Amino acid sequence: MNILEILAKRRDGEVHQTEELRFLARGAATGEIPDYQLAAWLMAAYLRPLSLPETAALTLALADSGRRIDLSDLPEPLLDKHSTGGVGDKTSLVLLPLLASCGVTIVKLSGRGLGITGGTLDKIESVPGLRTDLTPDQAKEQARKIGLALCGQSPDLAPADGVLYALRDVTATVGSVPLIVSSILSKKLAGGSPRVLLDVKCGSGAFRHSLQEATELAVALRAVGAEVGLEVRPVITDMDQPLGRTVGNALEVREALEVLRGELDSRFARFCLELAARALALCGLDAALAERALRSGSALERALVWLEAQGADLRRFDEGRGLPAAPVVREVPAPASGWVRRVDARTVGNVAMRLGAGRLHKSDRIDPRVGVEVLVAVGSRVERSHPVFRVHAASEPDAVSAQESLLRGLELSETPTEPRPTVLLEP
Ligand code: URA
């Protein structure tokens, strides 16, 4: 077997054997196959998409290109929760301690934010003292003791995916469903949990814009998951407007804490409960446990135990009051009265990124203090000159420029509009 034969097969639309995909993944991980040949294969695979059995074989090959964490000796039920990424998506900060307080064991390997999509690691690192540089083995031991752990993606997990993903980024081949599915699921397999709640985001603030695109991805994730031994429950959720009230790292930690403290009236709190119910059902547990854990304080208690276990200084943290805060806070008034028809997630995400809450390039540093509060949602009534956004900025000029851009993402209607549901479809 050699790489030229594999390239020619993909180019001509012939079926790959499992061994060929293993050869490719091994060669990508070790560097034995050069980037130009990997890039050629990626473009051929983009134009001639892999079949379901080929996607399953590639998923396993990518997972086996590195280490797979063995969580089988941790208490059941084990669960992983993954989001395809969006604007203001802090759901994991609530769900991890909430589900752990209901008896679920979670080891979550998370990424950092890139572009308008925030990352759970960046958000939680705004807590003073908190560390996410646990090794997979340390994360596992922590989960054995307290039911949960969050750490960064270790380079020895699915290393071939790391190489292919970086090449896809620069060869216009990110958007292929079989390539996305094998990339996501190979990392889930390496992470060791047998079941995954998969939040597939859909809308302007996500990389799947239409319901049809999101459904195609969700269905493929479940089908390939079943082939590789993962129970995947996909839920398609709205990312046309930002999720919840805040976009920005410390701001989002604050909002997550409100839910953990039992403040359950917001759209974001209801969304957390909807996802928690599905996660608990996937684990064979009673869906009603989640609301009880939030109301009784046991979810908050578990969150504080978790933060302390990962190095947070709880005296400085003071239940969120010690989080870093921006020096300039400016309210943005509504330009007219009306009902909100659209708060564009992409626009808000871009503004938050430019304020410093996100990264344009992988090496950029983020500012945990800055971001945007979105004070209205689709369906709300607003009055002229009442605040619709609150900008948290590092300087006055940053705040002024954010204010102008944010208003471009707001559409008002003279007639009443309907609120958007958060859960769109469960294929
Ligand atoms: N996330 C991943 O991990 N891989 C993809 O290809 C797309 C999103």
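The values are calculated or read from the model by the stated rules, or taken from the named source; none is laboratory data. As the structure is a computational prediction, the values presented were derived from the model and not from experiment. FYI the Cβ positions are ideal-geometry reconstructions off the backbone, even for glycines, and counts take in every protein chain you see.
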Check: Of all the residues that make up region 130-171, how many are away from the ligand (no atom under 13 Å from the Cβ) and out of contact with any Gly (no Cβ under 6 Å at 6 or more places or on another chain)?
Finding: 23
Notebook entry, point to check: With (1) exposed (fewer than 15 other Cβ atoms within 10 Å of the Cβ); (2) modelled with pLDDT of 95 or more; (3) of a type in the set (Ser, Thr, Tyr) as the list, and Ser401 as the residue in question, which single condition is left unmet?
Noted result: (1)
Next item on the list: Could you run through region 281-314 and say how many residues are over 24 Å from the mean Cα position of the chain (by Cα), part of a helix (DSSP H, G or I) and closer than 29 Å to Ala352 by Cα?
Entry: 1
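Pull up region 107-129, narrow it to residues that are of a type in the set (Lys, Arg) and touching a Lys or Arg at 6+ places or on another chain (Cβ under 7 Å), then point me to the one that is nearest to the ligand (Cβ to nearest atom).
Once the filter is applied, the top-ranked residue is Lys108.
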Notebook entry, point to check: Would you pick out the residues in region 62-110 that are more than 19 Å from the chain's Cα centre (by Cα), closer than 28 Å to Ala29 by Cα and of a type in the set (A, V, I, L, M, F, W, C)?
Noted result: Leu62, Ala63, Ile69, Leu71
Check: Restricting attention to region 49-71, does a residue exist that is touching a strand residue (DSSP E or B) at 6+ places or on another chain (Cβ under 9 Å) and either modelled with pLDDT of 95 or more or under 30 Å from Ala281 (Cβ atoms) (or both)?
Finding: yes
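State yes or no: is Gly86 closer than 27 Å to Gly113 by Cα and loosely packed, with under 14 Cβ neighbours inside 10 Å?
no
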Margin query: Could you list, ordered by first residue, the pairs with Cβ atoms under 6 Å in which the first is in region 370-384 and of a type in the set (Asp, Glu) and the second is outside any strand (DSSP E or B), at least 6 apart or interchain?
Written below: Glu373/Arg245; Glu383/Ser337
Next item on the list: Tell me which of these Gly111 doesn't satisfy, since it passes every other one: (1) within 30 Å of Leu7 (Cα to Cα); (2) modelled with pLDDT under 95.
Entry: (1)
Note to self: Of all residues being among the polar types (S, T, N, Q) and in a helix (DSSP H, G or I) in region 11-58, which is surrounded by the most Cβ atoms within 10 Å (Cβ to Cβ)? Just the residue, please.
What the structure shows: Thr55
Item checked: Residues that are in contact with a strand residue (DSSP E or B) (Cβ under 6 Å, 6 or more places away or on another chain) and not aromatic (Phe, Trp, Tyr), drawn from region 287-314 -> none
Margin query: Here is a check on your reading of the model: is Lys123 basic (Lys, Arg) and either out of contact with any strand residue (DSSP E or B) (no Cβ under 7 Å at 6 or more places or on another chain) or assigned to a loop (DSSP other than H, G, I, E, B) (or both)?
Written below: yes
Next item on the list: Could you identify the single residue in Ser385, Ser363 that is farther than 29 Å from Val235 by Cβ, part of a loop (DSSP other than H, G, I, E, B) and at pLDDT below 95?
Entry: Ser363
Notebook entry, point to check: Could you list, in sequence order, the residues of region 192-223 that are free of Cβ contacts under 8 Å to residues at least 12 places away in the same chain and crowded, with 24+ Cβ neighbours inside 10 Å?
Noted result: none
Checklist line | So Ala8, is it farther than 20 Å from Leu185 by Cα, surrounded by fewer than 19 Cβ atoms within 10 Å (Cβ to Cβ) and in contact with a Leu (Cβ under 7 Å, 6 or more places away or on another chain) | finding: no
Note to self: Can you list residue pairs whose Cβ atoms sit under 7 Å apart, with the first residue in region 176-191 being of a type in the set (A, V, I, L, M) and the second being within 8 Å of the ligand (Cβ to nearest atom)? Count only pairs 6 or more apart in sequence or on different chains.
What the structure shows: Leu179/Arg168
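The rows are residues; the columns are (1) farther than 25 Å from Ser296 by Cα; (2) of a type in the set (Lys, Arg); (3) assigned to a helix (DSSP H, G or I).
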site	(1), (2), (3)
Ala220	yes, no, yes
Glu227	yes, no, yes
Val232	yes, no, no
Thr237	yes, no, no
Gln241	yes, no, no
Leu251	no, no, yes
Glu255	no, no, yes
Leu264	no, no, no
Glu274	no, no, yes
Notebook entry, point to check: Hey, among Glu291, Glu258, Glu252, Glu263, which residue is of a type in the set (Asp, Glu) and either in contact (Cβ under 8 Å) with a residue 40 or more places away in the chain or within 16 Å of the ligand (Cβ to nearest atom) (or both)?
Noted result: Glu252
Margin query: Looking only at region 142-158, filter to residues that are within 22 Å of Gly229 (Cα to Cα) and surrounded by fewer than 19 Cβ atoms within 10 Å (Cβ to Cβ); which one of those is modelled with the lowest pLDDT?
Written below: Gln153
Item checked: Any pair with Cβ under 7 angstrom, 6 or more apart, that starts in region 411-427 at a residue that is among the small types (Gly, Ala, Ser) and ends at one that is not in a loop (DSSP other than H, G, I, E, B) -> Ser413/Gly338; Ser413/Trp339; Ser413/Arg341
